[in-house]
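FYI, it's all coordinate maths here, none of it is from the lab. Keep in mind that what you see is a predicted model, and the values were worked out from it rather than measured. Glycine gets a Cβ as well: all are built from the backbone with ideal geometry, and neighbour counts include every protein chain shown.
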Amino acid sequence: MKLSKIIPVSKPVCRLSYPDNPHNLCRRFDPPLSVCFSCKGQHLENRRYYYYCATCDLEFHRGCHLFPPEIKHPFHLLHPLTLIFLDPDFQSSRIPIDWPDSSSESDDYDSYEENSGSYEGHIVKCNYCRKNLQPEEFGMAYYHCSTCNFSLHRICAYIRPPLTIENLKSHDHTLTLFPRRAPLPCDACGFSLDAPFFDHVYSCLLCNYMVHRTCIYLPRVIKITRHPHRLSYTSSIVPSRELACGVCRKTVDVNYGSYSCTKGCRYALHSKCATNKKVWDGKDLEGVREEEEEILEPFLWIDEETIQHFSHDHHHLKLRQNGGSHDNEFCEACTLPMTVSDRFYSCIKCEFVLHETCASLPRRKHHPVHKHPLTLFHPSSSYRHKVERKYYRDGFFTCDGCIRNCCGFIYRCSEKVCEFQLDVRCASLPDPSIHDCHPPDHPLFFNFTSGSCMGFESVACDLSEYLECIQCESFLCLHCATLPCVAHYKHDKHPLTLCYGEEETRDLKYWCEIFENKLYATKWFYTCDSCRVTLHVKCLLGKEPGLPLGYHYYMTRRIMRIRETEKLEEEAEVELANE
């Protein structure tokens, strides 16, 4: 029989004993603790035991035995901090709610003392992280200076940043820790040193320079998908005229650090916007040689009207001038039907069809909604099964931009560890975009803020990425922004156009022919100007607007077929093929 090795567990040591002669602490269950030596608190009903030092005759709460009764901390060098007990009902804690308000018109400390003399009923906070001193989160004790009303969580007390930092890339002189929170702007990013996201502050008194600790290590050269050239960090921009940030679209203050184009373009970013984890890939390119990106053409010209497309390389595609309706023909890339005005390429031997614009889609794309380059894939050609199994699970994929199930071409992130993907409709939206639902002089930008969508208010609006109008602070989700402007209805020979609401029209004027109920004209709907047919958006496009009519796909032992106006009707229950 093999015996497992027993590892002895060391007993906790009394902090008042010497290292060469340590006193071991023992657990005690009875009698109840009288006074904890570290925090001066009394017995806690929810603690089964406490620690006791028989040599020193001292008692410690479980947890308090790990912390010294008194410390010197770089955040408060004037006085030592004492570990004291935190009353669960906060009645015994005499800690200020916060530092004096930076927006106060008076800087008189006496007036602050007068206004904050009573703390009963207030939530007390740690002066480092600004979080509440909640006993269930940080324990029943904290470090406190009664002279200055300064307090720290026990966990925060163990955070000890270096007193000095030397980084010649950031500043020519040594930077010294500034242990106080001050309502002053950071010289590197422009944000307040007292901003809600807490960071250590360092200063150079010789240069009157103050900076967040993280801003000291800002990358010098970066590349983002929102601009074709590299961007370099500069402490200030030469003032010529106002520049709007390429991410948040707010004015870039030339007096503080920011990023600008290395090629001389009039393009700039706030430091925090440029290094946002959704914008920047985390790579500092300083000293890295810039290589030209290889351009892969989507097709080869055979003649003026014939091409060989990479997605259908076994047959040639012929340009067609659409002179009639092709309701049953759908673009393989965007899955939208062909309309009368469309120019498109069709295969001379099979039913493969591409819009002329979709045939010219770049095979590698930089999109502002994602920080990595995107590569174009398709579910056809010789490697169909390989791509389908990897990206098109059950025969379709879900676009991360509009949260729509799609079966057309897919723009997929080039990074192995990233699974971000966009359908062709979302990937083709420019930045900025002009949409018919919004005034043409109000462009819509890709932003990471969100709000109430001005579209047709579907469930997908809350999950989609957003376009934002900076001028009127309105939002349009990508699900609504990529709805087809023209759609077909089998009971109408004319194409239906998307109407974006008629605010002055009475709600009972229109009637949805599919739902057979009233249609609110203030909402988005499809209409035929010739026949006066009106339909709800969802009634016409169905539950799966990204999948074309007649498309079959596998889904958990069932084959589903997209039908018009029913869209997701179950056709037959069959065993899933092993293909």
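Working from label points 7 Å from Cα in the Cα-to-Cβ sense, the I348 to V35 distance is 10.0 nm. Residues R48, R226, R220, arranged from fewest to most other Cβ atoms within 10 angstrom of their Cβ, appear as R48, R220, R226. Segment R130..D194, full-extension length gain: 22.0 nm, with 0.36 nm per residue of separation and the alpha-carbon distance subtracted. Listed cross-link partners K263/K365; K223/K277; K223/K283 are compared with a 18 Å cut-off, the Cα-Cα value being larger for K263/K365.
Between T398 and T306, the contour length at 0.36 nm per residue exceeds the alpha carbon distance by 29.9 nm. Working from label points 7 Å from Cα in the Cα-to-Cβ sense, the L184 to K169 distance is 2.6 nm. Amide H to amide H, with H built 1.01 Å from N, Y142 comes under 5 Å of I84, L86, counting only residues 5 or more places away or on other chains.
Sorted ascending by nearby beta carbons within 10 Å, beginning with the fewest, V533, V35 become V35, V533.
Based on other C-beta atoms within 10 Å, arrange L317, L243 from fewest to most. Mind dumping the intermediate values first?
Details: L317 23, L243 18.
Listed from fewest to most nearby Cβ atoms, that is L243, L317.
Among 252-260, 153-161, 471-479, what's the highest-first ranking by average C-beta atoms within 10 angstrom per residue? Don't skip to the answer; put the middle values down first.
Numbers: 252-260: 20.8, 153-161: 17.0, 471-479: 19.2.
Final packing ranking: 252-260, 471-479, 153-161.
At an R0 of 30 angstrom, the distance between the Cβ atoms of R364 and T449 translates into a FRET efficiency of 0.60.
Relative contact order, whole percent, for region 452-535 stands at 23, derived from Cα pairs under 8 Å and 6 or more residues apart. With 0.36 nm allotted per residue and the present C-alpha distance subtracted, the D492-E294 stretch has 66.5 nm of extension available. Listed by chain and number, the lysines whose C-alpha is less than 24 Å from the C-alpha of K11, apart from same-chain residues fewer than 8 away, are K40. Checking the Cα-Cα distances for K318/K493; K169/K250; K318/K349; K493/K523; K131/K272 against a 19 Å cut-off, the pairs over it are K318/K493; K169/K250; K493/K523; K131/K272.
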